[in-house]
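Comments concern the structure below.
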Amino acid sequence: MSKLFFSAFDVTKQAFHIGKTCFGIVNISPIVPGHVLVIPNRIVPRLRDLSPEEIADAFQTASRIGSVIEQAFEAESLTIAVQDGPAAGQTVPHVHIHVLPRKFTDFGGKNDEVYPALDRAESVLADEFDQQPTVGHKPATLKVDATAGQRIFRSAEDMEKEATWLMSLFS
């Protein structure tokens, strides 16, 4: 398999699903258990930069992945979100779709709290990498500090283990 990149970050070992023009990865710091990302193969910053085929494939893939993770994590619904540009909270300049399996009990029953959590997640992710993404797909390295606020950053081994399990759920 070719290497997969989320901007300049090598996320090959986090991948659990590879589609026609995009792929799914487990999240380094999920907001809720099962929070994953769907990412186009082509590295572009904004949704409008994707072709109609890429947009259709990304959202069809998000729907398919959502169905699987909703069942796998015994959820009742899904939150599917795109932060399209810096003013919307996007900090990694590569289009990505958040797919979160949701329960009525998330955030103490205050389910709209997911939106500020997504904003915080994006800003924390950008702060946690040593370098901003660079040209040439140079892999970034995660800083040693394992926590950011109340969110835990998972090890590469933990993410790979979850990706392997999720991969087994797709036929």
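Confirm whether F9 is at pLDDT below 95 and within 26 Å of F153 (Cβ to Cβ).
yes
Hey, among L169, L142, L118, which residue is at pLDDT 90 or above, surrounded by 12 or more Cβ atoms within 10 Å (Cβ to Cβ) and not β-branched (V, I, T)?
Working: L142 fails: at pLDDT 90 or above; L118 fails: at pLDDT 90 or above.
One residue alone meets the criteria, L169.
Could you grab me the full set of residues in region 26-40 that are under 14 Å from P101 (Cα atoms) and assigned to a strand (DSSP E or B)?
Scanning region 26-40 gives V26, V36, L37, V38.
When you scan region 126-136, do you find a residue that is surrounded by fewer than 11 Cβ atoms within 10 Å (Cβ to Cβ), modelled with pLDDT of 75 or more and among the hydrophobic types (A, V, I, L, M, F, W, C), even just one?
Checking region 126-136: not a single residue is surrounded by fewer than 11 Cβ atoms within 10 Å (Cβ to Cβ), modelled with pLDDT of 75 or more and among the hydrophobic types (A, V, I, L, M, F, W, C).
State yes or no: is A75 out of contact with any Lys or Arg (no Cβ under 7 Å at 6 or more places or on another chain) and hydrophobic (A, V, I, L, M, F, W, C)?
Judged against the criteria, A75 is not a match.
In region 106-120, how many residues are closer than 17 Å to A75 by Cβ and either in contact (Cβ under 8 Å) with a residue 60 or more places away in the chain or hydroxyl-bearing (S, T, Y) (or both)? Walk me through how you get there before you give the answer.
So the first thing to find is which residues in region 106-120 are closer than 17 Å to A75 by Cβ, and the list is 106-114, 117-118.
From what's left, either in contact (Cβ under 8 Å) with a residue 60 or more places away in the chain or hydroxyl-bearing (S, T, Y) (or both): 106, 114, 117-118.
Looking only at that region, the number is 4.
A quick yes/no check of all residues on (1) crowded, with 23+ Cβ neighbours inside 10 Å; (2) closer than 17 Å to H94 by Cα:
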site	(1), (2)
V11	no, yes
V26	yes, yes
S29	no, no
P33	no, no
R42	no, yes
P45	no, yes
A56	no, yes
I65	yes, no
V68	no, no
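What are the residue pairs meeting all of these: first residue in region 85-97, first residue of a type outside the set (V, I, T), second residue modelled with pLDDT under 90, Cβ atoms under 6 Å, and 6 or more apart or on different chains?
G89/D119; G89/E122
The values are calculated or read from the model by the stated rules, or taken from the named source; none is laboratory data. This one's a predicted model, so the numbers in the text were calculated from it and none came from an experiment. Counting neighbours? That spans all protein chains shown, and the Cβs are built from the backbone with ideal geometry, glycine included.
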